[in-house]
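The values are calculated or read from the model by the stated rules, or taken from the named source; none is laboratory data. Fair warning: this is a prediction, and the values are worked out from it, not measured in the lab. FYI the Cβ positions are ideal-geometry reconstructions off the backbone, even for glycines, and counts take in every protein chain you see.
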Amino acid sequence: MKKLLTLSLALSLGMAFGQNKKENDKNNIKEMCGCYEVEFDYAETFSDAKDYEFRDRYTAHALEWVLADEETEDMVMLQHLLVINDSMIIKHWRQDWYYENTELFVYNRNLEWKKEEISADKAKGTWTQKVYQVDDSPRYQGYATWIDVDGKSYWESETFAPLPRREYTTRSDYNVLMRTNRHQITDYGHLHDLDDAKIIRTEAKDSILVWEKGRNKYTKVDDSRCAAAVSWWETNREYWVDVRAVWDDVMEENDYINIAQKADNKVLYERLFRLGDELIAEKKYNSKKAQKQIREQIDIHLSSVATPWDTATAE
């Protein structure tokens, strides 16, 4: 009987610890919400190629509103909105966090993603970060546990991704980015720390062209500075919820996704942003009609046929 009581107590304590850890993880994720001055800083560091010419360091600044747009027991959705000159709002990237997720869309190359399964054992205690583009198309996904040690709280994962927006229209000398993403909660806000490898991927192998260090520093400021973003999202949210719903259907229906960067000389985000402006301007917003038109625009850029390896460039 004593052994049974001891075992029962141990199981109860273990369950309580697991639940407390999960809630603490969620709090870490939600700590990334708020109004931030953001500093983006990237520098190429070293390359094994003797004739490689290092690119100039990239820096930028922004004001950004980050909100938890949806939350369930096992998920937190963070939407980023850029604030330009205090009043102009641009829908930015989105990150969804899932607890003990067992399914990933893994980036391959040339805007191709393939669905992969994670075993329940590997997923236990982890959080998957699913990152999406400004048009809510997929970008990259990775999973890891949140670490709380020595007064530090951080999450770190390695995953493949498309070229960053700052380079995908200007470079064709590599076609995959291997990202080591580290999100750390800090006393000033949070830090997105990156160690990237710019990879030339061929059918035969991966070769690293150059390594890069990235640092996105989010310094929290008064929420009032992002008031315009709060108002903009209230007006535009319904449409973008529908965009997310359509993408959810696309990713549920397919184990492989191939997105054409341009179709009829137009990029997907231009189509969806323009459609959103038109539908939101109507007297009465119709969600069913909107989802039908959103799917039509997305389908223009989708293909079920893999890109031939002889065209595997970043263009």
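Before moving on, here are some points about what is shown:
- Selected residue (criterion: surrounded by the fewest Cβ atoms within 10 Å (Cβ to Cβ)) from residues of the range 113-128 that are in contact with a helix residue (DSSP H, G or I) (Cβ under 9 Å, 6 or more places away or on another chain) and not small (Gly, Ala, Ser): 115
- Every pair of residues 6+ apart whose Cβ atoms lie under 9 Å, when the first sits in the range 176-205 and is within 30 Å of residue 308 (Cβ to Cβ) while the second is among the aromatic types (Phe, Trp, Tyr) and assigned to a loop (DSSP other than H, G, I, E, B): 198/174; 199/174; 200/174; 201/174
- Any hit, the range 169-176, residues being of a type in the set (A, V, I, L, M, F, W, C), under 14 Å from the mean Cα position of the chain (by Cα) and either at positive phi or modelled with pLDDT of 95 or more (or both): no
- Unique residue being crowded, with 20+ Cβ neighbours inside 10 Å and either in contact with a strand residue (DSSP E or B) (Cβ under 8 Å, 6 or more places away or on another chain) or of a type in the set (Lys, Arg) (or both) when the list is 58, 36, 52: 36
- Among the residues listed as 264, 299, 249, the single one being under 19 Å from the mean Cα position of the chain (by Cα) and surrounded by fewer than 17 Cβ atoms within 10 Å (Cβ to Cβ): 249
- Leading residue by the ranking (farthest from the chain's Cα centre (by Cα)) among those in the range 115-134 that are within 18 Å of residue 80 (Cα to Cα) and assigned to a loop (DSSP other than H, G, I, E, B): 134
- Residue 201 among the basic types (Lys, Arg) and more than 23 Å from residue 115 (Cα to Cα): no
- Residue in the range 273-286 that is touching a Phe, Trp or Tyr at 6+ places or on another chain (Cβ under 8 Å) and surrounded by fewer than 14 Cβ atoms within 10 Å (Cβ to Cβ) present: yes
- Within the range 150-168, tally of residues that are more than 20 Å from residue 258 (Cα to Cα), of a type in the set (D, E, K, R) and modelled with pLDDT under 95: 3
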